[in-house]
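Down below is the structure, laid out as structure tokens.
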Amino acid sequence: MRKGFRVVPIFLLMGFLASTALAGEPTEAIQKTTDKIIAIVTDPALKGPAKSEEKAKLIRQAVDERFDWEEMSRRTLARHWQDRTDAQKKEFMVLFAELLEATYLDKVEGYSGEKVIYEGERSDGEYAVVAVKIVTQKETEIPVKYRMKKIKNEWRVYDISITGVSLINNYRKQFNSIITRSSFDSLMEKLEAKVKREE
Amino acid sequence: MGVEPKYVVFLLMGVLSGFLFSGGVYAAPSPVLDLDHHSLIHETDARESWGDEVPGTEQPKGGSTGSPVLLCQVAGQVGMEEDSEAWEGGGASIPDPLEPVNRAFFQFNDKLYFWILKPVGQGYAKVVPQPARVSIRNFFSNLVMPIRAISCLLQGKMEGVGIEVLRFVVNTTAGFAGFQDVARQHLDLPLQDEDLGQVFAFWGIGPGFYIDLPFLGPSSLRGTVGWAGQLYLNPLDYMVEDVWANIGVRSYDLVNRSSLRIGEYESLKRAALDPYVSLRDAYYQYRIHQIEK
């Protein structure tokens with residue numbers, strides 16, 4: 001038994017070496033942003049309700065650098081995208097980005113020492129999928145996949161799926177349902193109301 | 001016990017099948033029954049779903065004008081909205097001919113959660129510390145091993161059967177009657193998340209349509225039949241035969257599990273513009289993810 005325990009760290013180390021060897025640019029990009037966000041969330045100087053706005057701002061900045069809001073917006077609206085004027089597209093992008101940021105903040109704020117394990121990536125030069133596993137304190141494992149696209153030499157996230165549920169697909173269903181039942185304007189109204197309430 | 005809850009389920013099945021055969025729900029070709037098509041969506045790389053969204057590939061919407069009245073109409077009309085969504089690429093939808101009923105049950109479950117399950121779960125969580133609740137969850141999960149093992153077997157996943165049996169032996173002994181998941185922690189034998197619904201999917205049976213079951217939450221016709229079948233595989237039903245004691249044990253399991261998941265539903269609701277559609281799609285995408293594994 002005692003011997004077994006000594007073997008474990010060596011395996012961990014080997015696993016770590018293997019994963020860093022496999023990790024390419026997309027994984028590095030995700031890792032950089034994740035580390036940055038964990039550092040913000042766990043920063044003792046940013047604790048407490050007085051600092052929550054500052055903390056949110058810092059997280060938003062980190063997310064902004066990595067997420068591609070335009071790509072996300074286009075994919076979410078799908079066939080409704082090309083019917084929009086440039087002004088409408090821009091307006092939608094701003095609101096949708098705010099909603100996604102709020103959603104992301106909501107998920108990240110409850111951070112309590114979950115471990116993030118990088119499980120590898122698949123890439124064809126222009127597009128990539130980075131697989132991550134989040135291990136919670138409640139002994140559950142949450143598989144997360146980041147879908148990324150290389151834009152101007154930077155890897156940007158355009159979709160996140162959590163336990164197989166793609167965020168963009170989920171919003172696409174909702175938005176399509178709202179647009180086909182009423183109108184794009186009503187979607188915008190709802191988005192605006194939602195974003196306001198989140199603040 | 002065992003008998004009475006099953007009767008309730010069969011009654012439900014009866015109502016559903018009655019609806020099925022009278023309403024001609026299947027008259028419209030359903031995009032969702034084609035499972036092979038779906039496996040593409042999640043397995044393929046990023047580029048695949050892109051193609052469908054390139055400008056210019058928009059398809060005519062046919063008779064579906066998107067009028068809200070149309071979409072709420074009877075069974076014969078359903079499927080249109082689903083069809084138009086299927087064109088988007090990156091994920092078809094599950095047909096939802098019972099949407100008005102489902103929305104009502106969604107509201108019912110929403111209230112059930114916020115008025116009863118959540119406060120009870122929170123109160124319970126104050127008394128029982130988290131590690132203990134995790135252990136209790138492990139215990140119940142260990143108990144229903146036959147459901148997972150048989151579901152693996154029926155899909156020919158022999159390695160899964162082996163893992164489940166081994167897990168049961170290890171966790172029941174070294175894991176103190178299943179309270180500790182030592183098989184996962186020390187032997188790297190993870191729980192095989194298989195159920196009868198996934199078996200039916202493996203056999204090529206489509207999900208049918210979406211059902212938001214009162215008390216039980218999101219499911220499909222296929223999932224509901226699987227759930228009913230599992231009542232026969234659940235050792236709990238043979239161990240606790242008294243109806244009320246059985247319901248009591250099940251309720252306790254539910255409260256314990258919910259106490260570990262408080263906040264998940266809230267966060268879905270906070271993020272959603274239409275929580276009903278969001279939950280329906282999340283259920284569907286999650287099931288595809290489980291089935292593909």
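For the range A:154-168, does any single residue satisfy the condition of being farther than 16 Å from B:Q285 by Cα, open to solvent by 10 Å² or more (accessible area, probe 1.4 Å), of a type in the set (S, T, N, Q) and facing chain B (nearest Cβ under 10 Å)? No: zero hits. Taken as a whole, the structure leaves B:S251 outside the set of residues that are more than 10 Å from chain A (Cβ to nearest Cβ), modelled with pLDDT of 90 or more and open to solvent by less than 40 Å² (accessible area, probe 1.4 Å). Among the residues of the range B:234-248, those that are open to solvent by 20 Å² or more (accessible area, probe 1.4 Å) and part of a helix (DSSP H, G or I) comprise B:P235, B:Y238, B:M239, B:V243, B:W244, B:A245, B:I247, B:G248.
Yes or no: A:E101 farther than 30 Å from B:N138 by Cβ, charged (D, E, K, R) and surrounded by 19 or more Cβ atoms within 10 Å (Cβ to Cβ)? Here the answer is yes, as A:E101 does meet what is asked. Residues in the range B:267-293 that are facing chain A (nearest Cβ under 10 Å), touching an Asp or Glu at 6+ places or on another chain (Cβ under 9 Å), part of a helix (DSSP H, G or I) and not hydrophobic (A, V, I, L, M, F, W, C): B:S267, B:R270, B:P275, B:Y276, B:R280, B:Y283, B:Q290, B:E292. B:L191 passes every criterion in (1) touching a strand residue (DSSP E or B) at 6+ places or on another chain (Cβ under 8 Å); (2) without any contact (Cβ under 8 Å) to a residue 60 or more places away in the chain apart from (1). Would you check if A:T103 is farther than 17 Å from A:T33 by Cβ and of a type in the set (S, T, Y)? Criteria not met by A:T103.
Within the range A:173-187, residues that are facing chain B (nearest Cβ under 7 Å) have Cβ atoms under 9 Å from residues that are basic (K, R) in these pairs: A:K173/B:R280; A:N176/A:R79; A:I178/A:K190; A:T180/B:K61, counting only partners at least 6 apart in sequence or on another chain. Take B:D181 and decide whether it is within 29 Å of B:S259 (Cβ to Cβ) and touching a residue at least 12 places away in the same chain (Cβ under 8 Å). Spelling it out, B:D181 is indeed within 29 Å of B:S259 (Cβ to Cβ) and touching a residue at least 12 places away in the same chain (Cβ under 8 Å).
What are the residues in the range A:73-91 that are open to solvent by less than 40 Å² (accessible area, probe 1.4 Å) and either of a type in the set (V, I, T) or in contact with a helix residue (DSSP H, G or I) (Cβ under 6 Å, 6 or more places away or on another chain) (or both), if any?
Hits for the range A:73-91 are A:S73, A:R75, A:T76, A:A78, A:H80, A:W81.
In the range B:136-143, the condition of being open to solvent by less than 20 Å² (accessible area, probe 1.4 Å), touching a residue at least 24 places away in the same chain (Cβ under 8 Å), under 22 Å from A:I142 (Cβ atoms) and not in a helix (DSSP H, G or I) is met by no residue. Identify, from the list A:I59, A:I30, the residue that is crowded, with 19+ Cβ neighbours inside 10 Å, touching a helix residue (DSSP H, G or I) at 6+ places or on another chain (Cβ under 6 Å) and not charged (D, E, K, R). Sole residue among the options that is crowded, with 19+ Cβ neighbours inside 10 Å, touching a helix residue (DSSP H, G or I) at 6+ places or on another chain (Cβ under 6 Å) and not charged (D, E, K, R): A:I59. Taking residues in the range B:241-252 that are in contact (Cβ under 8 Å) with a residue 40 or more places away in the chain, and partners anywhere that are loosely packed, with under 14 Cβ neighbours inside 10 Å, the pairs with Cβ atoms closer than 6 Å and at least 6 places apart or on different chains are B:V243/B:E4. The sole residue among A:K194, A:K190, A:K149 that is touching a Lys or Arg at 6+ places or on another chain (Cβ under 8 Å) and surrounded by fewer than 23 Cβ atoms within 10 Å (Cβ to Cβ) is A:K149.
Yes/no per residue for (1) assigned to a helix (DSSP H, G or I); (2) out of contact with any Ser or Thr (no Cβ under 7 Å at 6 or more places or on another chain); (3) farther than 30 Å from A:R75 by Cβ; (4) polar (S, T, N, Q):
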| position | (1), (2), (3), (4) |
| --- | --- |
| B:P97 | no, yes, no, no |
| B:F106 | yes, yes, no, no |
| B:K118 | yes, yes, yes, no |
| B:A125 | yes, no, yes, no |
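The set of residues in the range A:126-141 that are touching a residue at least 12 places away in the same chain (Cβ under 8 Å) and open to solvent by 50 Å² or more (accessible area, probe 1.4 Å) comprises A:E126, A:Q137. Can you tell me which residue within the range B:160-208, out of those that are acidic (D, E) and under 20 Å from A:V135 (Cβ atoms), is least open to solvent (accessible area, probe 1.4 Å)? In this case the residue turns out to be B:D181.
Could you list, in sequence order, all residues of the range A:72-94 that are under 22 Å from A:I37 (Cα atoms) and over 13 Å from the mean Cα position of the chain (by Cα)?
Keep residues of the range A:72-94 that are under 22 Å from A:I37 (Cα atoms), which gives A:72, A:94.
Residue satisfying the conditions is A:V94 alone.
Yes or no: B:E264 more than 9 Å from chain A (Cβ to nearest Cβ), closer than 19 Å to A:G110 by Cβ and loosely packed, with under 14 Cβ neighbours inside 10 Å? Quick ask: steps written out before the conclusion?
Numbers: more than 9 Å from chain A (Cβ to nearest Cβ): yes; closer than 19 Å to A:G110 by Cβ: yes; loosely packed, with under 14 Cβ neighbours inside 10 Å: yes.
So B:E264 passes the test.
The values are calculated or read from the model by the stated rules, or taken from the named source; none is laboratory data. Predicted model, so just to flag it, every value in this text is computed and none were measured. All Cβ positions, even for glycine, are placed from backbone atoms using ideal geometry, and neighbour counts span all protein chains on display. Side chains included, ligands, DNA and RNA excluded: accessible areas come from the protein's heavy atoms. Shrake-Rupley method; radii C 1.70, N 1.55, O 1.52, S 1.80 Å.
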